[in-house]
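A short write-up of the structure that comes next.
Throughout, read-outs are computed from the coordinates displayed, never taken from laboratory work. The shown structure was predicted, so the numbers you read here are calculated from the model rather than taken from an experiment. FYI the Cβ positions are ideal-geometry reconstructions off the backbone, even for glycines, and counts take in every protein chain you see.
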Amino acid sequence: MESYNRLVGDFCALTGIDDVADVLHRGLLDIDGVSIRVECSDSGDQCRILADLGEVPPDREADLYKFMLESNFECDDEPGQPVLSMSAEGNRGVLTTHFLVSELLGEGGLVKVLREQVLPLVNAWVGTINDDDVPDEVGRIADVAV
């Protein structure tokens with residue numbers, strides 16, 4: 001857990017977030033309008049990142065459920081592999097990824113993973129959910145809010 005605390009502290013320092021304790025406690029971030037939750041696994045060695053993909057239109061549900069199952073089937077057990085699901089609270093898509101905390105403590109850390117891996121996946125899958133073109137621009141990590 002100490003490494004995770006350091007990871008979040010480094011993230012907050014890089015992004016200008018003053019309330020490290022709040023991020024550690026709630027893990028809630030908003031990056032370019034995407035709701036993201038960052039949390040530590042019970043074992044303390046993994047960082048779990050959940051991103052809200054938005055509401056699934058009723059006429060797209062069947063296609064998207066198939067897409068999610070196929071995408072999840074292709075995943076292996078390696079850290080960073082995305083898993084797609086639906087939220088328990090409603091008809092919203094959720095992207096979940098896990099990363100080893102020790103691997104995130106290097107240069108760029110959590111900022112780099114969010115910018116280069118998580119946000120591009122979110123943008124692609126939001127486009128798929130909405131049957132839209134995928135946006136070219138990846139969210140800027142400087143636009144993080146808690």
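Set side by side, the residues Val38, Val101, Val34 differ, and just one is among the hydrophobic types (A, V, I, L, M, F, W, C), at negative phi and in contact with a Cys (Cβ under 6 Å, 6 or more places away or on another chain), which is Val101.
Conditions tested, residue by residue: (1) in a loop (DSSP other than H, G, I, E, B); (2) farther than 21 Å from Glu116 by Cα.
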residue	(1), (2)
Gly9	no, no
Ala21	no, yes
Glu39	no, no
Gly44	yes, yes
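Of all residues in region 45-57, those that are closer than 18 Å to Pro120 by Cβ and in contact (Cβ under 8 Å) with a residue 24 or more places away in the chain have Cβ atoms under 7 Å from Cβ atoms of residues that are assigned to a strand (DSSP E or B) and among the basic types (Lys, Arg), 6 or more apart or on another chain, in Leu50/Arg37; Asp52/Arg92; Leu53/Arg92; Gly54/Arg92.
Confirm whether Val56 is in contact with a strand residue (DSSP E or B) (Cβ under 7 Å, 6 or more places away or on another chain), surrounded by 14 or more Cβ atoms within 10 Å (Cβ to Cβ) and over 30 Å from Ser3 (Cβ atoms). Yes; evaluated as a whole, the condition is true for this residue. The residues in region 46-62 that are touching a helix residue (DSSP H, G or I) at 6+ places or on another chain (Cβ under 9 Å) and not in a strand (DSSP E or B) can be counted, and the count is 3.
Per-residue answers, yes or no, for (1) farther than 19 Å from Asp131 by Cα; (2) among the hydrophobic types (A, V, I, L, M, F, W, C):
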{"position": "Leu7", "(1), (2)": "yes, yes"}
{"position": "Phe11", "(1), (2)": "yes, yes"}
{"position": "Arg26", "(1), (2)": "yes, no"}
{"position": "Gln46", "(1), (2)": "yes, no"}
{"position": "Ala51", "(1), (2)": "no, yes"}
{"position": "Glu70", "(1), (2)": "no, no"}
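The one condition from (1) surrounded by 14 or more Cβ atoms within 10 Å (Cβ to Cβ); (2) more than 23 Å from Ile129 (Cα to Cα); (3) not charged (D, E, K, R) that Leu64 does not meet is (2). The residue that is surrounded by the fewest Cβ atoms within 10 Å (Cβ to Cβ), counting only those in region 43-53 that are closer than 19 Å to Ala88 by Cβ and charged (D, E, K, R), is Arg48. On the stretch given as region 30-60, residues that are closer than 16 Å to Met86 by Cβ and among the β-branched types (Val, Ile, Thr) total 1.
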